[in-house]
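A short write-up of the structure that comes next.
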Amino acid sequence: MSDSNEKVYSFNKNEVYTVKIEDVGTGGEGIAKIDGYTLFIKDAVREDVCEVKITKAHPKFAYAKLMKVITTSPYRVEPPCAVSKRCGGCKIMAAEYSEQLHFKEQKVKNNIIKIGKVTDFEIYPIIGMDEPYHYRNKAQFPIGINEQGKLVSGFYAGRTHVIIENDKCFLGVPENEEILNIIKKFMEEKNISPYDEVTLKGLIRYVMIRKAFVTGEIMVCIIINGNKIPNCDELVERLKTVKGMTNISVSINLCNTNVIMGKVMENVYGKGYITDYIKDIKFNISPKSFFQVNPVQTEKLYSTALEYAGLTGCETVWDLYCGIGSISLFLARSAKKVYGVEIISDAIRDARNNAKINNIKNAEFFVGKAEEVLPEYYKTHGGYADVIVVDPPRKGCEVTLLDTIIKMSPLKVVY
Ligand code: SAH
């Protein structure tokens, strides 16, 4: 024991232990304890008994590698994807779907308790999918060269930019593979090299593919480190053979950055957008606009938001971080007035247009930061709200925004 009564552990790298997985960490890794010392084990499933080897030891916890599963957890399944262990995309595919949902539910609960410091709350059961594969309507594939010198597309391995070859992702649509093959074949024939993040040379960086599930329309955006794709017309002709191909664009990104899309966008085929529906509301979606990636769950999510908002037709609603206005327009028919706020001006242009094509006249949109627009509106107009919906990116809402929401004291906040 140390002076502070804290236990001093002496666990070291390369030591091997047999442990039972008791819990799941925030990144989906298994958690085991040895006499109070915590081990984080990637790919281990809750209730597995397994042999693990320490890879990095800290005074109070260690990371360990799963060496062998000795007793298989009832929650463990064979992942349908052969590269799931290496690919950075699906971290919890070795756990059965009900266990994945349990993990997500616990994560929300723990965040409310540990970060929010709230203990007195009720949590309803998570609303999962019936068929949790092939649901993603959008994928962004980096293009590169593997160790054998072969042109590959896929996804990055966890925490690195090594491309794990995968054109048939279990979450994506079947057209992804067809499109990637056309592009890679074209690159090989025309001797077009992929972008290399080390040398900063090479042309093709990423291929973004988006499919509208209701209309079947497909969009491809090729992100390049250069000003144009040689023989681009020929590539467009080949891509047009894919059923549903509606829009092709080229995004120019000359920066040495992790941001995928460049600032300049050149439309090379179609009207610059694809059209999809959420329930009966029509949306035109351009390459840079955010659109929920899981169309089946989006309907459930928005319907649940609508139900919780409890609208009767007389309410004023603010939809903050509104993107192309999907939630705003979904709620507008049941409200008196909806205001949407979004930082990306292209998305607001889409939102205004989406209101028009759906003949929705009680929605108004503002370009700007939610944390600036709402406080300013409140100051100058004394802005009023019955319901405020927030759907921020991962980092959450700024304190200035939360303060304003509190001042406006809406009847309901739907997060
Ligand atoms: N509610 C929309 C979009 C949610 S994604 C939907 O369901 O489709 C989050 C959105 O917040 C993105 O469109 C992003 O561009 C936008 N955003 C990010 N930071 C913002 C900020 N500070 N103020 C306003 N919008 C922001």
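The values are calculated or read from the model by the stated rules, or taken from the named source; none is laboratory data. As the structure is a prediction and not an experimental result, all values here were calculated from the model. Counting neighbours? That spans all protein chains shown, and the Cβs are built from the backbone with ideal geometry, glycine included. All accessible areas refer to the heavy atoms of the entire protein, side chains included, with ligands and DNA or RNA removed. Shrake-Rupley method; radii C 1.70, N 1.55, O 1.52, S 1.80 Å.
Some points to look at:
- Between K104, K20, K7, the distinction of being of a type in the set (K, R) and either buried (at least 18 other Cβ atoms within 10 Å of the Cβ) or under 30 Å from G154 (Cβ atoms) (or both) belongs to K104 only.
- Of all residues in segment 250-267 being more than 21 Å from the chain's Cα centre (by Cα), of a type in the set (A, V, I, L, M, F, W, C) and open to solvent by 70 Å² or more (accessible area, probe 1.4 Å), the one that is farthest from P194 (Cα to Cα): V264
- Whichever residue in segment 300-316 is touching a Phe, Trp or Tyr at 6+ places or on another chain (Cβ under 7 Å) and either open to solvent by less than 10 Å² (accessible area, probe 1.4 Å) or within 13 Å of the ligand (Cβ to nearest atom) (or both) and, among such residues, is nearest to S289 (Cα to Cα): Y302
- Filtered by the rule that a residue be touching a residue at least 24 places away in the same chain (Cβ under 8 Å), surrounded by 14 or more Cβ atoms within 10 Å (Cβ to Cβ) and over 23 Å from Q292 (Cα atoms), segment 198-217 gives L203, I204, R205.
- Qualifying position, being closer than 13 Å to L329 by Cβ and within 14 Å of the ligand (Cβ to nearest atom), among A370, A363: A363
- Counting only strands (runs of 3 or more DSSP E) that fall entirely inside segment 132-176 and contain at least 1 residues that are in contact with a helix residue (DSSP H, G or I) (Cβ under 9 Å, 6 or more places away or on another chain) and over 19 Å from G216 (Cα atoms), the qualifying elements are 138-145, 151-156.
- If only residues of segment 328-338 that are open to solvent by 20 Å² or more (accessible area, probe 1.4 Å) and closer than 9 Å to N362 by Cβ are counted, the one that is farthest from the ligand (Cβ to nearest atom) is K336.
- Taken over segment 151-176, the criterion of being open to solvent by 60 Å² or more (accessible area, probe 1.4 Å) and closer than 13 Å to V207 by Cα is satisfied by no residue.
- Selection count, segment 268-299, where residues are open to solvent by less than 60 Å² (accessible area, probe 1.4 Å) and either over 30 Å from K201 (Cα atoms) or acidic (D, E) (or both): 15
- Applying a threshold of 6 Å to beta carbon distances and a minimum spacing of six or more residues, or different chains, the list of pairs starting in segment 69-98 at a residue that is more than 22 Å from Y156 (Cβ to Cβ) and ending at one that is open to solvent by 60 Å² or more (accessible area, probe 1.4 Å) and assigned to a loop (DSSP other than H, G, I, E, B) reads S73/E47; Y75/E96; V77/E96.
- Qualifying position, being more than 15 Å from R210 (Cβ to Cβ), surrounded by 15 or more Cβ atoms within 10 Å (Cβ to Cβ) and away from the ligand (no atom under 14 Å from the Cβ), among G226, G325: G226
- Cβ separations smaller than 7 Å between residues 6+ apart or across chains give the following pairs from segment 4-30 residues that are within 16 Å of R46 (Cβ to Cβ) and part of a loop (DSSP other than H, G, I, E, B) to residues that are modelled with pLDDT of 90 or more and open to solvent by 90 Å² or more (accessible area, probe 1.4 Å): E22/K33; E29/K42.
- Residue within segment 116-137 that is farther than 29 Å from T160 by Cβ, modelled with pLDDT of 95 or more, of a type in the set (K, R) and open to solvent by 60 Å² or more (accessible area, probe 1.4 Å) present: yes
- Subset of segment 278-297 (residues that are more than 29 Å from E266 (Cα to Cα) and within 13 Å of the ligand (Cβ to nearest atom)): Q297
- Across segment 268-291, the qualifying residues are those that are among the basic types (K, R) and part of a loop (DSSP other than H, G, I, E, B), and the one among them that is farthest from the chain's Cα centre (by Cα) is K271.
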